[in-house]
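Student: Take this structure first; my questions come after.
The values are calculated or read from the model by the stated rules, or taken from the named source; none is laboratory data. Remember, predicted model here, so these are calculated numbers, not experimental data. With ideal geometry, Cβ positions are generated from the backbone for all residues, glycine too; neighbour counts draw on all protein chains shown. Side chains are part of the model used for accessible areas, which takes the heavy atoms of the whole protein and leaves out ligands, DNA and RNA. Shrake-Rupley method; radii C 1.70, N 1.55, O 1.52, S 1.80 Å.
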Amino acid sequence: MSKPRFETLAIKSAENHFHEANPVSAPIYLSTTYHRNEDGSFNEGFAYSRHSNPNRSILESSIAQLENGSRAFAFATGMAAIHAVFECLKTGDHVIIPDDVYFNVKTLTEHVFKRWGLEVSTVDMSDLSAVENAIQSNTALIWIETPSNPQLKITDIQAVCDLTKKNNALSVVDNTWPTPVLQNPLDLGADMVVHSTTKYFGGHSDVLGGCVVLGGNSDLEEKLHMIQTHSGGVPSPFDCWLICRGIQTLSLRVKAQTSNALELAKHLETCEGIEQVLYPGIPSHPQYTLASSQMKNGAGAMLSVLVKGGVEEAMKVSNKLKYFSCATSLGGVESLVEHRKSIEGPQSPTPKNLLRLSVGLENVEDLKEDWEQALKTIS
Ligand SMILES: *Cc1c(COP(=O)(O)O)cnc(C)c1O
């Protein structure tokens, strides 16, 4: 054979040749495909990146361990993960979702899965007898989100999961807000946990991601594996890498942000211009005791306030805040504030004077002063 010509050299010379470099931080494996050995096998089993990728494997194994799960499946967004859970069901199945479930879950069930023949009931999940009454013979899945968004209602995970088991249905907990630092639903009997890793796992508002974690159900594992690799809604290697990077500081961030949220919630309760603070970490919350027993390390870094007045007053206050940026989403290092009703639309049951806060890592004294000055505009 002659010496490779320029075009061939351009391909071969730029290929990976550091097979054993042994870096401390994982390299980003952008390659979509992997060399096949002479005997037909693949090193470490990687063949094609929709099926599996080293960065995704690291991410999935990490989240499975942090949630005490048997296996995790990563998706490109939280909603893609949630979609995959619903895809495990079949036409004619009945699903129970919370009345203030993450708004896009409600939209997804109404506009996509009802068309596929799923029956959906909306229930106040903080009321156990309401959940029990909503169960039908074809109930296949009960959706739990606690603390709820944006009203911070608490669902008794263990009690609802017991009910679910008794009725041969599956339970899933959206654990995006508490993260495994504050709550481990699989330990309380849930079959599945879903996360939007866009939020606290990523932690820096610069990556989208989602995942489903299983508690050991092998039938579900098979279904989800099929859905993940054949529907193909998988995250990019770089996104997996960013989320893994976030995971390494997850505990520190969530604990510090939770501590800021608790202190801010207590302060806001004393502020004129605030009608009510919705935060399960303070004794005025109707389910403070339940929250304290099923969560650890605090009640999280999300809280909502009802501002005295209506939409106009709520908007005025949120626009006046300097350290809380007006933006959607949550879980990043920076504090955010959002008027939820105007994002969710006129059908939303969210009170019109509600502002939702994602408390960040700033100094809490600055956050308190920021609210004091902003509330002056309405008092
Ligand atoms: C953001 C969020 C989702 C959806 O996640 P995406 O990554 O935006 O698709 C689902 N559940 C909760 C509780 C969320 O906050």
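Student: Which one is nearest to the ligand (Cβ to nearest atom) among residues in the stretch 201-228 that are open to solvent by 10 Å² or more (accessible area, probe 1.4 Å) and among the polar types (S, T, N, Q)?
Tutor: Going through the qualifying residues, I end up with Ser205.
Student: Now for a different question. Quick check on my filter: what residues within the stretch 26-80 are in contact (Cβ under 8 Å) with a residue 12 or more places away in the chain, of a type in the set (S, T, N, Q) and assigned to a helix (DSSP H, G or I)?
Tutor: Asn55, Ser62
Student: Take the stretch 179-200 and flag every residue that is more than 10 Å from the ligand (Cβ to nearest atom) and either touching a helix residue (DSSP H, G or I) at 6+ places or on another chain (Cβ under 6 Å) or open to solvent by less than 10 Å² (accessible area, probe 1.4 Å) (or both).
Tutor: Thr179, Pro180, Val181, Leu182, Gln183, Pro185, Leu188, Gly189, Ala190, Met192, Val193
Student: Tell me the helices (runs of 4 or more DSSP H) entirely within the stretch 247-366 that contain at least 2 residues that are away from the ligand (no atom under 16 Å from the Cβ), open to solvent by less than 20 Å² (accessible area, probe 1.4 Å) and modelled with pLDDT of 95 or more.
Tutor: 250-269, 311-320
Student: Moving to a separate point now. Name the single residue, out of those in the stretch 127-145 being within 16 Å of the ligand (Cβ to nearest atom) and not aliphatic (A, V, I, L, M), that is nearest to Thr91 (Cα to Cα).
Tutor: Taking the candidates together, the pick is Trp143.
Student: Here is a list: Ala72, Ala47. Which entry is open to solvent by less than 10 Å² (accessible area, probe 1.4 Å) and small (Gly, Ala, Ser)?
Tutor: Ala72
Student: How about the stretch 81-108: which of its residues are within 16 Å of the ligand (Cβ to nearest atom) and open to solvent by less than 30 Å² (accessible area, probe 1.4 Å)?
Tutor: Just the residues of the stretch 81-108 that are within 16 Å of the ligand (Cβ to nearest atom), to begin with: 81-87, 95, 97-108.
Within the stretch 81-108, Ala81, Ile82, Ala84, Val85, Phe86, Val95, Ile97, Pro98, Asp100, Val101, Val105, Leu108 qualify.
Student: What are the residues in the stretch 146-170 that are within 16 Å of the ligand (Cβ to nearest atom) and farther than 14 Å from Gln287 by Cβ, if any?
Tutor: Across the stretch 146-170, the qualifying residues are Asn149, Pro150.
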